[in-house]
1. So, ASN145, is that one touching a helix residue (DSSP H, G or I) at 6+ places or on another chain (Cβ under 8 Å), touching a residue at least 12 places away in the same chain (Cβ under 8 Å), closer than 14 Å to ILE124 by Cβ and polar (S, T, N, Q) or not?
2. Does the range 178-197 contain at least one residue that is out of contact with any Leu (no Cβ under 7 Å at 6 or more places or on another chain), within 17 Å of PHE91 (Cβ to Cβ) and in a loop (DSSP other than H, G, I, E, B)?
3. Considering only the range 128-168, how many residues are among the aliphatic types (A, V, I, L, M) and within 22 Å of ASP199 (Cα to Cα)?
4. Out of everything in the range 220-235 that is polar (S, T, N, Q) and more than 10 Å from GLN162 (Cβ to Cβ), what residue ends up being modelled with the highest pLDDT?
5. Among the listed residues MET86, MET100, which satisfies the condition of being in contact with a Gly (Cβ under 8 Å, 6 or more places away or on another chain) and either at pLDDT 95 or above or open to solvent by less than 10 Å² (accessible area, probe 1.4 Å) (or both)?
6. Within the range 59-81, is even one residue of a type in the set (D, E, K, R), part of a strand (DSSP E or B), without any contact (Cβ under 8 Å) to a residue 60 or more places away in the chain and open to solvent by less than 80 Å² (accessible area, probe 1.4 Å)?
7. From ALA10, ALA44, ALA2, which residue is at pLDDT below 80, open to solvent by 80 Å² or more (accessible area, probe 1.4 Å), more than 24 Å from ASP144 (Cβ to Cβ) and in contact with a helix residue (DSSP H, G or I) (Cβ under 9 Å, 6 or more places away or on another chain)?
8. Show the residue pairs meeting these rules: Cβ distance below 7 Å; 6+ apart or different chains; first residue within the range 205-223 and within 16 Å of ILE110 (Cβ to Cβ); second residue part of a loop (DSSP other than H, G, I, E, B) and open to solvent by 30 Å² or more (accessible area, probe 1.4 Å).
Amino acid sequence: MAAAACGATATSQPAQPASPSAATSSAPAPSPPATGTPTSVPTASPSPTTPPKFSAEVTKVARDRLRYSWRPGCPVPVGDLRLITMTYWGFDDKPHTGEMVVNKNAADDIVTVFRRLYDWRWPIRKMELVDVYKGDDFDSIDADNTSAFNCRPATGSSSWSQHAYGRAVDINPRENPYLSADGSVAHKNARKFARRPLDEPGVINPGDRVVRAFERVDWEWGGYWSGIKDYQHFSKGGG
């Protein structure tokens, strides 16, 4: 017998079976089988999209890309110009890719400065070659286009502009207009941006970080000129 085998005496009373109510109260009821995904499991929230890092590619520029902005007799040959294809931060708070032509000796400076602007998310309206506007500086400015090389004389002068050498850049010309000596502005859409300082997106103010970024690479700002003011204009060596 099982009782003898485990050491019980012959006179021991057999164990009484547990009452049904006791069995029910001591044993937990089985859980129903799980179906589907438990609703208590938390779902991971998607991480915010990280904007792409700044990128810039410097290449030789083909003559046919400069159909309107270069011609024989310009002070710099096409072979000394470079096309920069780079990212910039837009007024829509998104990254974009633009193009700019500069002198080969100015390419590193421009990439250095525009990398800083992008990292700051400092907004730029657009960045296209002036040839998109058939070389017309007025139309390019009216479109608030940031551009550099254009074989043309300086405003109000018969001498070559630094733009003709690819050593000048105009940034957000609507927000940073050219002011004549009498304080007038040629572009109607820029008149409300004529005063300085002005706290608006894309505006360049005296001594601000955009001006200092160009100063670090030895470029001058037209906003410091006496008489006329050219708030959009930065150039290597002035002019």
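1. Spelling it out, ASN145 is indeed touching a helix residue (DSSP H, G or I) at 6+ places or on another chain (Cβ under 8 Å), touching a residue at least 12 places away in the same chain (Cβ under 8 Å), closer than 14 Å to ILE124 by Cβ and polar (S, T, N, Q).
2. No, every residue in the range 178-197 fails to be out of contact with any Leu (no Cβ under 7 Å at 6 or more places or on another chain), within 17 Å of PHE91 (Cβ to Cβ) and in a loop (DSSP other than H, G, I, E, B).
3. Narrowing the range 128-168 to residues among the aliphatic types (A, V, I, L, M): 129-130, 132, 141, 143, 148, 154, 164, 168.
This time we only want the ones that are within 22 Å of ASP199 (Cα to Cα), so: 141, 143.
Counting residues in the range 128-168 that are among the aliphatic types (A, V, I, L, M) and within 22 Å of ASP199 (Cα to Cα) gives 2.
4. Step by step, filter the range 220-235, then rank; the result is GLN232.
5. Numbers: MET100 fails: in contact with a Gly (Cβ under 8 Å, 6 or more places away or on another chain).
Being in contact with a Gly (Cβ under 8 Å, 6 or more places away or on another chain) and either at pLDDT 95 or above or open to solvent by less than 10 Å² (accessible area, probe 1.4 Å) (or both) holds for just one of MET86, MET100, which is MET86.
6. Looking through the range 59-81, none of the residues is of a type in the set (D, E, K, R), part of a strand (DSSP E or B), without any contact (Cβ under 8 Å) to a residue 60 or more places away in the chain and open to solvent by less than 80 Å² (accessible area, probe 1.4 Å).
7. Just a single option satisfies the conditions, and that option is ALA10.
8. none
The values are calculated or read from the model by the stated rules, or taken from the named source; none is laboratory data. All figures in this text were calculated on a predicted structure; none of them were measured in a lab. With ideal geometry, Cβ positions are generated from the backbone for all residues, glycine too; neighbour counts draw on all protein chains shown. Note: areas computed on protein heavy atoms with side chains; ligands, DNA, RNA excluded. Shrake-Rupley method; radii C 1.70, N 1.55, O 1.52, S 1.80 Å.
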